[in-house]
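Worksheet for the structure shown next.
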Amino acid sequence: MDSAGTGGSPHSLSSPGAPTPSASSSAAEASFGNPLAPAPAASRLRAAFLKGRPALITYVMAGYPDRATSLEALRAAARGGADVIELGVPYGDPLADGPVIAEAAAVARAGEGGFGLIHAIQVAEAFIRDPGVDHAPPVVAMTYMNPVMRLGLKETAGRMRAAGIAGVIIPDMPPEAAAPWRQVSQGIDTVFLTAPTSTPDRLAIVTAASSAFIYCVSAVGTTGERESLAAGLSDQVERIRLHTDLPVAVGFGVSTAAQAAQVAAIADGVIVGSAIVKRQADPREVETFVRGLAAAMRG
Amino acid sequence: MSDVLLPSADMAYSTPDAQGFYGPYGGTFVPETVIPALQELATSYQEAIEDVTFLEEFISLLRDYVGRPSPLYRADRLAEASGLGAVYLKREDLNHTGAHKINNTIGQCLLARRMGKKRVIAETGAGQHGVATATTAALLGLECSVFMGVEDIRRQALNVYKMRLLGAEVVPVADGQGTLADAVTAALRHWVERVEDTFYVIGSALGPHPYPQMVRYFQSVIGSEILGQMEEKRIAHADAVVACIGGGSNAIGTFYPFLRDVPAEDRPLLIGAEAAGLGLDTDRHGAALTKGTPGILHGFYSYLLQDDEGNPLEAYSISAGLDYPGVGPEHSYLKDEGLVRYETVTDAEALEAFALLTRVEGIIPAIESSHALALLPRLAAELGPDATVVVTVSGRGDKDMDIVREAGLGG
């Protein structure tokens with residue numbers, strides 16, 4: 001099996017004998033004593049929530065509709081006033097994503113020479129090097145677990161650090177399975193997701209594991225636009241706050257300026273995804289749309 | 001033997017661990033939304049199999065509704081044609097609905113009802129698991145939706161019709177290649193949306209924990225019966241026990257009691273037959289264990305056919321039940337540990353085995369099961385003319401008539 005080389009087993013909490021991602025370096029880097037060790041001290045992601053107002057987090061799919069346009073869309077989102085950029089990595093089986101993002105991923109992957117995690121990190125690096133604005137928003141990569149396993153946990157973390165990526169969101173990596181990633185990802189925040197179905201026990205586990213902020217999935221189901229916000233969203237956010245002082249950002253189904261303003265009134269951050277990806281083929285439209293979201297939230 | 005055997009609770013071969021890992025394989029890699037449901041499922045499953053009332057109902061349905069135990073039939077003409085001393089066929093094809101799938105759907109649907117769920121969903125490839133789920137849902141009065149790829153709907157029109165007759169909704173899945181893997185993804189996504197009132201009946205020994213363990217338990221009746229029937233028929237020794245592998249539920253159900261109850265020195269060779277499709281040197285096969293590398297798909301870590309970027313690849317087999325790019329995690333563990341040997345069988349070899357069993361025994365097997373039967377001549381060459389081999393015939397071939405006719409069998 002070739003995964004032991006770089007990727008290693010995803011499994012180390014429950015089997016101490018399982019191979020760790022990198023036996024040679026993990027001893028120095030690893031936090032075996034507390035595998036859910038919290039945030040890097042000087043987190044750029046955390047700082048994005050310290051502006052005295054709710055943060056706007058905008059999702060852009062790397063490589064969609066092509067590499068150059070997705071890079072322009074990132075710059076457009078930054079110009080429009082995004083506080084954090086969430087950069088999606090195209091993947092073939094995106095369990096947590098709805099049709100808009102899944103189809104964008106399919107288009108990106110079908111591009112010349114394929115497009116995956118390595119290419120997405122390159123797009124992030126190009127943006128971070130030349131964001132086109134004075135104060136570039138930090139980039140958090142949203143990827144599924146298997147592309148990271150395939151490239152190798154340590155290799156992925158190394159490339160992300162070199163590119164200047166501030167954090168990751170891996171929706172199919174629960175905190176219980178995150179130890180091997182934590183051991184190699186120093187300097188990169190790992191943001192975990194809560195769900196409407198999370199029990200108090202789960203909220204405690206997820207919030208303890210998360211760094212920089214908590215991603216509150218507002219509704220059951222996959223990403224994508226919804227006509228109205230989930231009932232009880234405010235309670236949901238408050239239930240999370242019982243467990244953590246970290247900022248709580250709300251995503252899944254936030255697609256209009258009015259919804260963004262509603263969420264901004266109850267949460268520390270607003271995550272908009274599918275509604276941006278839908279406009280991504282025209283970066284000017286992205287900029288206008290993001291500007292409208294930011295204005296509504298700050299109005 | 002007159003009664004149905006179930007695995008005992010204490011297990012010497014003790015996988016998985018509490019987190020659902022088989023060595024490094026298995027686990028739970030899914031969005032947070034369904035994790036509470038999986039934890040609830042794991043608890044309910046454990047309570048159910050320790051509850052005599054639940055087990056009695058499960059056993060009585062297997063006996064009186066499914067028709068268990070299924071026979072262990074001595075196929076002498078097949079043995080002779082294959083050059084073996086004796087061949088025994090475990091006749092899962094004689095179960096109600098025509099395959100092993102119903103052992104599992106009865107267990108899971110009883111559990112769904114016990115958990116107060118009114119609605120079940122399932123994915124299906126060949127349609128056998130869909131029909132078994134629709135059948136069991138009808139029996140227990142549950143609402144049922146079955147996700148099925150559009151390509152499989154085309155290949156298995158008869159089963160689609162059966163499911164609808166049984167009152168199930170068949171949801172066409174046009175994503176990807178329109179086959180089994182796409183149906184699993186669609187069912188998982190749907191489950192994420194409807195997790196509060198819906199029970200997902202997974203059809204093979206795969207998916208996030210506790211599914212592989214639970215499906216193994218419900219299917220272990222196959223291997224447990226084989227062991228009891230061998231004793232009853234005074235078959236002192238089998239040299240090999242063979243089953244086909246798509247996700248691997250009939251195989252793990254066959255092998256597990258041998259792994260758990262038979263000491264290694266007395267244990268027959270356990271051999272799984274994967275689909276080599278058009279050949280391992282092409283990209284048209286379903287041999288995850290033989291040609292894949294470990295990765296995550298559908299919530300678990302296992303051998304997987306994947307590209308350089310970690311995207312699942314399309315699998316192919318003439319049999320809709322074997323064209324899955326992954327494989328149940330316990331099989332990955334058994335491969336690495338050398339406890340089970342995995343071989344591959346091409347479409348052409350499977351068709352040849354299909355034709356042989358049909359002609360010499362008057363038994364028309366599923367093309368999936370024909371992959372296991374195709375190993376018999378190889379085993380004769382390896383083990384000699386006196387060897388005894390047990391083959392699990394996981395299902396019957398009625399559903400495959402169009403495919404074998406297209407392939408030119410029977411003129």
Filtering segment B:247-306 for residues that are of a type in the set (Phe, Trp, Tyr) and touching a Lys or Arg at 6+ places or on another chain (Cβ under 8 Å) leaves a count of 3
Given the conditions (1) among the aliphatic types (A, V, I, L, M); (2) assigned to a helix (DSSP H, G or I); (3) crowded, with 24+ Cβ neighbours inside 10 Å, every one holds for B:Ala122 apart from (2)
Residues in segment B:140-189 that are out of contact with any strand residue (DSSP E or B) (no Cβ under 6 Å at 6 or more places or on another chain) and within 14 Å of another protein chain (Cβ to nearest Cβ) total 9
Given (1) within 19 Å of the chain's Cα centre (by Cα); (2) assigned to a loop (DSSP other than H, G, I, E, B), A:His243 misses just (1)
With the first residue restricted to segment A:121-143 and required to be within 19 Å of A:Ile188 (Cβ to Cβ), and the second required to be surrounded by fewer than 17 Cβ atoms within 10 Å (Cβ to Cβ) and of a type outside the set (Gly, Ala, Ser), Cβ contacts under 8 Å at 6 or more apart or on different chains are none
Cβ pairs under 6 Å, 6+ apart or interchain, first in segment A:244-271 and within 15 Å of A:Asp83 (Cβ to Cβ), second of a type in the set (S, T, N, Q), ordered by first then second residue, are A:Val250/A:Ser218
Of the listed residues (A:Thr207, A:Thr222), the one being assigned to a helix (DSSP H, G or I) and either surrounded by 18 or more Cβ atoms within 10 Å (Cβ to Cβ) or of a type in the set (Gly, Ala, Ser) (or both) is A:Thr207
Taking segment B:226-246 and keeping residues within 21 Å of B:Asp386 (Cβ to Cβ) and buried (at least 20 other Cβ atoms within 10 Å of the Cβ) leaves B:Ile226, B:Gln229, B:Ala238, B:Ala240, B:Val241, B:Val242
Scanning segment A:127-171 for residues that are among the polar types (S, T, N, Q) and over 30 Å from A:Arg291 (Cα atoms), the one farthest from the other protein chains (Cβ to nearest Cβ) turns out to be A:Thr156
When every residue in segment B:331-363 that is within 14 Å of chain A (Cβ to nearest Cβ) and of a type in the set (Asp, Glu) is compared, the one nearest to B:Leu280 (Cα to Cα) is B:Asp336
Among (1) surrounded by 24 or more Cβ atoms within 10 Å (Cβ to Cβ); (2) within 14 Å of chain A (Cβ to nearest Cβ), B:Glu309 falls short only on (1)
Within segment B:140-161, residues being among the basic types (Lys, Arg) and under 20 Å from the mean Cα position of the chain (by Cα) number 1
In segment B:312-329, anything modelled with pLDDT of 95 or more and more than 14 Å from chain A (Cβ to nearest Cβ) is listed as B:Gly328
Here is a check on your reading of the model: is B:Val30 buried (at least 24 other Cβ atoms within 10 Å of the Cβ) and either aliphatic (A, V, I, L, M) or out of contact with any Phe, Trp or Tyr (no Cβ under 6 Å at 6 or more places or on another chain) (or both)? yes
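The values are calculated or read from the model by the stated rules, or taken from the named source; none is laboratory data. Predicted, not measured: the structure shown is a model, and the values here were computed from it. Backbone-built Cβ (ideal geometry, glycine too); neighbour counts: all protein chains shown.
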